[in-house]
Amino acid sequence: MIAARIGRQIAGAARIAVGALLLAACACAAAAPESVDGLGTLDFPTSTRLPAAQSAFVRGMLLLHVYEYPRAEKAFQDAEKLDPGFAMAYWGEAMTATHPLWNQDNPAAGRAALAKLGATPDARAAKAPTPREKAWLGAAEALFADKPLAERDRGFLAAMEAIAKASPGDDEAQLFLAQALLGVTRGNRDVPNYLRAAEISQRVLARNPQHPGAAHYWIHGMDDPDHAAGALPAARVLAKIAPDAGHAQHMVSHIFIALGMWDDVVEANEHSFALTVKQERAAGKPRLGCGHYPEWLEYGYYQQGRRSVARGVFDDCLHDVPVVMDWLAAHPGEHIHMEKTPEALQRYLDIERIAMRGTMLIETAAPDAAVPPVLADADAAGRAVGMDAFGVGYRAALAGDAAVARAQMQRMRAIAKQPAPATETLLHLTDYLNIGADMLEAMIEHRAGRTGQARQLAARAAANDDKLPFAFGPPFLFKPPHELLGELQLADHQPKAALAEFDRALKTAPKRTTALLGRARALKASGAKAEAKAAYAELAAIWKNAEADQPDLAEVRREAAAH
C-alpha cells in the first residue's frame with residue numbers, strides 16, 4: 001500500500017528532473033572510496049576542492065549512517081567552516097536534525113542548517129554546482145518543507161526513489177533510499193518496506209564490506225524475531241566495521257535480542273556503554289549511566305540470572321542523573337547524550353529511569369517482595385509516567401495489595417485518556433497504557449478469586465498487544481501479556497492452555513527466561529516429561545552463570561538433570 005502511494009508521488013512530490021539525475025550517475029563511478037579509522041568506508045564524491053573539507057564531510061556521512069548524530073553534526077559544520085560554499089556540507093548538517101526510526105524530528109534545526117547555504121530553495125540549488133548535488137539538496141528540501149511530518153517523509157522517500165533509480169551504481173543513493181523506506185513510518189514497522197530496505201543494504205554490503213550504513217540498515221530491516229536470523233551476518237560485522245561508534249556496537253544486539261542470544265546481547269551493550277563512557281570522559285563530560293545502552297544491558301543481565309549486576313546498572317543510573325543535569329546546566333551549548341537543553345535532557349532521563357526501574361520491578365517481582373512507592377519526581381516524562389504505574393501496580397497485585405494495584409490501574413486508564421503532547425515520541429503509548437491497565441485488573445481479579453474474569457482481561461490485553469506493530473527490544477510494559485495470561489492459566493490448572501500462551505509469548509520475545517520457565521512448568525504439569533526436561537535444560541543453559549540466589553534456579557537445574 002505504501003509502495004503504491006510512493007509510486008504516485010514520485011512525479012509530483014519531489015520535482016526532480018530524472019534526466020539531470022542520469023547525468024549525475026557517472027560521477028559516482030569515478031571516485032575512490034574514502035575511509036575513516038574506526039568508522040568504515042564509503043564513496044561519496046562532492047564538488048568541494050578542499051581535501052580537508054571532503055574528509056570532514058566523509059566523516060560526517062559515516063557518523064550519520066550509524067546515528068551518531070551530534071558527532072555527525074559537528075563534522076558537517078567543520079566541513080562548512082573549511083569551505084563555506086560547500087553545498088553538501090549544509091545538506092549533511094540538516095540531515096542530522098531528524099531521527100526517523102526514533103520518531104524524533106526537529107524541522108526548525110534542519111531548515112536553519114539549509115538556510116545557512118541560502119535563504120530559499122532556489123538560492124540553495126544555485127549554489128550546488130552539479131546536477132547530482134542539486135538532486136540531493138532537493139531531497140532535503142522535501143524533508144524539511146513547511147508541511148506535516150508524514151507528507152515531508154513521503155516527499156523525501158519519493159525523492160530518494162528517483163535518485164536511486166537514476167543512479168543504480170551509487171551506493172549512497174541506494175542506502176539513503178533504504179533509510180527513507182525505514183523512516184517513512186517513523187518507527188512503526190512496515191514489513192514490506194523494512195525487508196526491501198534490508199535487501200538494498202545487503203547488496204551494498206556485498207559491494208563494500210566496510211560500509212557501516214549497509215550493515216546498519218540491513219539490521220534495522222530485519223530486527224524482529226521472524227526475520228532476525230537473516231541479518232545475523234550483518235550483526236556479526238557492524239561492530240567490527242565501526243568500532244568507534246557506540247551505536248554500531250549496540251545495534252548488533254537488535255538481532256541478538258530478537259534471537260534470544262543473551263550472552264551476545266550483554267557483550268554488545270557492555271561494549272557500547274564502555275565506549276560511550278570513554279568518549280564522554282575524553283570530552284570532559286560526566287558518565288551517563290541512564291540510556292538506551294544501559295537499559296538493554298540491564299535487561300540482558302536479568303535474562304542471564306545476574307540480578308545484582310543488573311541492579312548495579314540501575315543504581316549507576318540513579319547516581320548519574322543529578323551529576324549530568326548539573327553539568328549541562330553549567331555548560332550551555334553543549335549536549336549530553338543527544339540533548340542540548342536541560343528540559344530535553346530531564347525528559348529523556350525521566351523516561352529512561354522509568355524504563356530501567358520498571359524492568360527491575362518486574363524481573364525481581366515475588367509475592368513477598370516489597371511494594372515500592374511511585375516515582376514522585378519524573379513529571380518531565382509526561383504520559384510515560386504511566387509505565388511506572390504499571391511497574392508499581394504489578395508488584396502490588398502480586399503481593400496482594402489490591403488497593404495500591406487498583407489505584408495504579410486507574411491511574412493508567414486516566415493517563416491513557418489524556419491527549420498526547422507534540423513532544424511525545426513513544427509510539428502507541430495510549431494503547432500500551434490501556435493494555436497494562438487490563439493486565440493489572442486481571443491480576444486483581446485473579447487474586448480475588450474471579451479467575452474467569454481475570455483470564456478474559458488478560459486475553460484482551462494480549463489480543464490488543466498483538467494488533468500493534470512489533471517493537472524491538474525489551475518489552476515496552478516490562479511484562480508480555482501472553483506471558484501473564486499463561487501464568488494465570490497455569491495457576492488455574494490449565495497447563496495446555498498455558499503452554500499455548502507461553503509459546504505465543506516466546507514468538508515475540510524469544511528465550512525470555514520467565515516465559516521459558518512457565519513453558520517448562522506447563523509441559524511438566526501436562527505430563528510431557530521429556531519435553532519438560534528439554535525446556536528446563538534450555539533455561540539451565542541460559543542461567544549457566546546465574547547468581548546463586550536467582551529464584552527458581554534450583555528447580556531449573558534439578559529438573560534439567562532429572563532422569
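The values are calculated or read from the model by the stated rules, or taken from the named source; none is laboratory data. It should be emphasised that the depicted structure is a prediction, and the values quoted were computed from it without experimental measurement. Here the Cβ positions follow ideal geometry from the backbone for every residue, glycine too, while neighbour counts run over all protein chains shown.
Of note:
- Candidates are the residues of the range 405-446 that are farther than 13 Å from Asn464 by Cβ, of a type in the set (A, V, I, L, M) and under 25 Å from the mean Cα position of the chain (by Cα); the one that is surrounded by the most Cβ atoms within 10 Å (Cβ to Cβ) is Met412.
- Count of residues meeting criterion [farther than 22 Å from Gly449 by Cβ and not in a helix (DSSP H, G or I)] in the range 490-521: 4
- Scan of the range 445-487 for residues that are assigned to a helix (DSSP H, G or I) and farther than 25 Å from Gly260 by Cα, ordered by number: Glu445, His446, Arg447, Thr451, Gly452, Gln453, Ala454, Arg455, Gln456, Leu457, Arg460
- First in the range 253-281 and more than 14 Å from Ala234 (Cβ to Cβ), second anywhere and of a type in the set (S, T, N, Q) and in a helix (DSSP H, G or I), Cβ under 6 Å, 6 or more apart: Trp262/Gln303; Trp262/Gln304; Val265/Ser253; Asn269/Ser253; His271/Gln249; Ser272/Gln249; Leu275/Gln249
- Neighbours by Cβ (under 8 Å, 6+ apart or cross-chain): first from the range 112-139, part of a loop (DSSP other than H, G, I, E, B); second of a type in the set (A, V, I, L, M) and buried (at least 20 other Cβ atoms within 10 Å of the Cβ): Leu117/Ala87; Lys127/Ala87; Lys127/Leu117; Ala128/Ala87; Ala128/Met88; Ala128/Leu137; Pro129/Ala87; Thr130/Ala24
- Filtered residues of the range 60-70 (kept if surrounded by fewer than 24 Cβ atoms within 10 Å (Cβ to Cβ) and either of a type in the set (A, V, I, L, M, F, W, C) or without any contact (Cβ under 8 Å) to a residue 60 or more places away in the chain (or both)): Leu64
- Each residue in the range 379-428 was checked for being in contact with a helix residue (DSSP H, G or I) (Cβ under 7 Å, 6 or more places away or on another chain), of a type in the set (A, V, I, L, M) and touching a residue at least 60 places away in the same chain (Cβ under 8 Å), and 2 pass.
- Contact map, the range 495-523: residues that are at positive phi paired with residues that are in a helix (DSSP H, G or I) and of a type in the set (D, E, K, R), Cβ distance under 8 Å, separation 6+ or inter-chain. Pairs shown: Lys511/Glu538.
- Under the condition of being in contact (Cβ under 8 Å) with a residue 40 or more places away in the chain and surrounded by 19 or more Cβ atoms within 10 Å (Cβ to Cβ), the residues counted in the range 543-556 number 2.
- Condition check for Gly169: farther than 18 Å from Glu80 by Cβ and crowded, with 22+ Cβ neighbours inside 10 Å: no
Here is a yes/no grid of residues against (1) within 21 Å of the chain's Cα centre (by Cα); (2) more than 23 Å from Asp552 (Cα to Cα):
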{"residue": "Leu297", "(1), (2)": "yes, no"}
{"residue": "Gly300", "(1), (2)": "yes, no"}
{"residue": "Gln303", "(1), (2)": "yes, no"}
{"residue": "Arg307", "(1), (2)": "no, no"}
{"residue": "Arg311", "(1), (2)": "no, no"}
{"residue": "Cys317", "(1), (2)": "yes, yes"}
{"residue": "Asp326", "(1), (2)": "no, yes"}
{"residue": "Pro332", "(1), (2)": "no, yes"}
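- Test: residue in the range 85-102 that is among the hydrophobic types (A, V, I, L, M, F, W, C), buried (at least 20 other Cβ atoms within 10 Å of the Cβ) and outside any helix (DSSP H, G or I): yes
- Tally of residues being in contact with a strand residue (DSSP E or B) (Cβ under 8 Å, 6 or more places away or on another chain) and in a helix (DSSP H, G or I) across the range 40-84: 8
- If you filter the range 491-537 down to residues that are touching a helix residue (DSSP H, G or I) at 6+ places or on another chain (Cβ under 6 Å) and of a type in the set (Asp, Glu), you find that the one that is surrounded by the most Cβ atoms within 10 Å (Cβ to Cβ) is Glu501.
- For the range 181-246, the helices (runs of 4 or more DSSP H) that sit wholly inside it and include 2 or more residues that are within 19 Å of the chain's Cα centre (by Cα) and of a type in the set (S, T, N, Q) are 191-207.
- For the range 403-434, taking the residues that are part of a loop (DSSP other than H, G, I, E, B) and among the hydroxyl-bearing types (Ser, Thr, Tyr), the one that is modelled with the highest pLDDT is identified as Thr425.
- Any hit, the range 297-309, residues being touching a Pro at 6+ places or on another chain (Cβ under 7 Å) and either in a helix (DSSP H, G or I) or crowded, with 20+ Cβ neighbours inside 10 Å (or both): yes
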